[in-house]
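First up is the structure itself, then whatever we jot down about it.
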Amino acid sequence: MAPPSNLLAGKTAIITGGTTGIGRAICLEFLRQGCNVAVNHLDLPHDRPHVESLVAEAQQLKAQAQASSASSASARAIGSFAHLAGDVTDPATGPALVAFALATFATARLDICVSNAGICTFAEFLDLPAALYAQTVRTNLDGAFYTVQAAARQMALHNVPPGGGSIIGISSISALVGGGGQTHYTPTKAGVLSLMQSTAVALGRYGVRCNALLPGTIRTQLNDADLQDEAKRAYMEGRIPLGRTGLPADLAGPAVFLASDELSGYVSGAQLLVDGGAFVNFQ
């Protein structure tokens, strides 16, 4: 059976931290589903290869779709891609990304916001520097708040026609469990979950849905070094009922589900664990 397509055709999305890991996987699947996507990134020197490769991959998706439509009666829509540098800890970055997406894709509607940008540097609680704590809170929680607020203002007050939209906060299984080396990180992810719950209440009157995705152990740049420890990885995989750590692509389908009004139009204030069954096996 062919995978579903065109589930987000004609929609416009913004994604923060969208050039690597989970954000990148969601971006690519949104594009495959016909959504126009503007991603935010820091534009640091070591990040530029990721930006360039994502641009190339987006172009390749377009080319493949055009070649396929030329030989098939069923055309698959592929969205357009754009990117903008900016630091989510700056309150001006969220509004700038929203304005950029609307102008670039020539639309008066923002349909989807994925607040994904985040950092996680493992550190022992007793030795945790104040600067690392502050940076983690500013990026993971403050950045999510500013981005979500900017998207919500557009969706609730300025979309044409007004109202509607889906906001997805990338939280974590760490919002539900503790971690000795993550005492600065887990509170921020609990905060993102709480933010989605409260904004679901605040924005329901405008038809804006707000939900949280809670990844389990997903192999990304944030934890790749940590998972190089063979014994630790084997231990973690042994606690996951599906028997493996996750991949960024494992979050793409759930994000499409939450972004689609047709699939999840009555889902708001929810939390969706994507962890291979790990949480229910933590006993």
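When Glu29 is tested against the conditions (1) modelled with pLDDT under 95; (2) within 27 Å of Tyr146 (Cα to Cα), the lone failure is (1). Every listed requirement among (1) crowded, with 20+ Cβ neighbours inside 10 Å; (2) free of Cβ contacts under 8 Å to residues at least 60 places away in the same chain; (3) under 30 Å from Glu124 (Cα atoms) is met by Ala190 save one, (1). When the helices (runs of 4 or more DSSP H) confined to the stretch 179-283 are screened for residues that are of a type outside the set (A, V, I, L, M) and at pLDDT below 95, those reaching at least 3 such residues are found at 230-238.
Checked across the stretch 232-250, the condition of being loosely packed, with under 14 Cβ neighbours inside 10 Å, of a type in the set (Asp, Glu), without any contact (Cβ under 8 Å) to a residue 12 or more places away in the chain and out of contact with any Asp or Glu (no Cβ under 8 Å at 6 or more places or on another chain) holds for no residue.
Number of residues in the stretch 79-99 that are free of Cβ contacts under 8 Å to residues at least 40 places away in the same chain and under 18 Å from Ala144 (Cβ atoms): the value is 2. Of all residues in the stretch 134-151, those that are modelled with pLDDT of 95 or more have Cβ atoms under 6 Å from Cβ atoms of residues that are part of a helix (DSSP H, G or I) and small (Gly, Ala, Ser), 6 or more apart or on another chain, in Leu141/Gly191; Tyr146/Gly94; Thr147/Gly94; Ala150/Gly94.
As a summary of the residue check, Ala134 satisfies the conditions (1) of a type outside the set (Phe, Trp, Tyr); (2) crowded, with 16+ Cβ neighbours inside 10 Å; (3) more than 25 Å from Arg24 (Cα to Cα) except for the one numbered (2).
When Ile119 is tested against the conditions (1) in contact with a Lys or Arg (Cβ under 7 Å, 6 or more places away or on another chain); (2) not in a helix (DSSP H, G or I), the lone failure is (1).
Total residues in the stretch 40-54 satisfying the condition of being more than 22 Å from Ala144 (Cβ to Cβ) and over 19 Å from the mean Cα position of the chain (by Cα): the figure is 5. Here the condition is being surrounded by fewer than 19 Cβ atoms within 10 Å (Cβ to Cβ), at pLDDT below 95 and aliphatic (A, V, I, L, M); of Ala56, Ala85, Ala73, Ala123, it holds for Ala73 alone.
The values are calculated or read from the model by the stated rules, or taken from the named source; none is laboratory data. From a predicted model like this one, the values you see are computed outputs, not experimental measurements. As a convention, Cβ positions derive from the backbone with ideal geometry for all residues, glycine included, and neighbour counts pool all protein chains shown.
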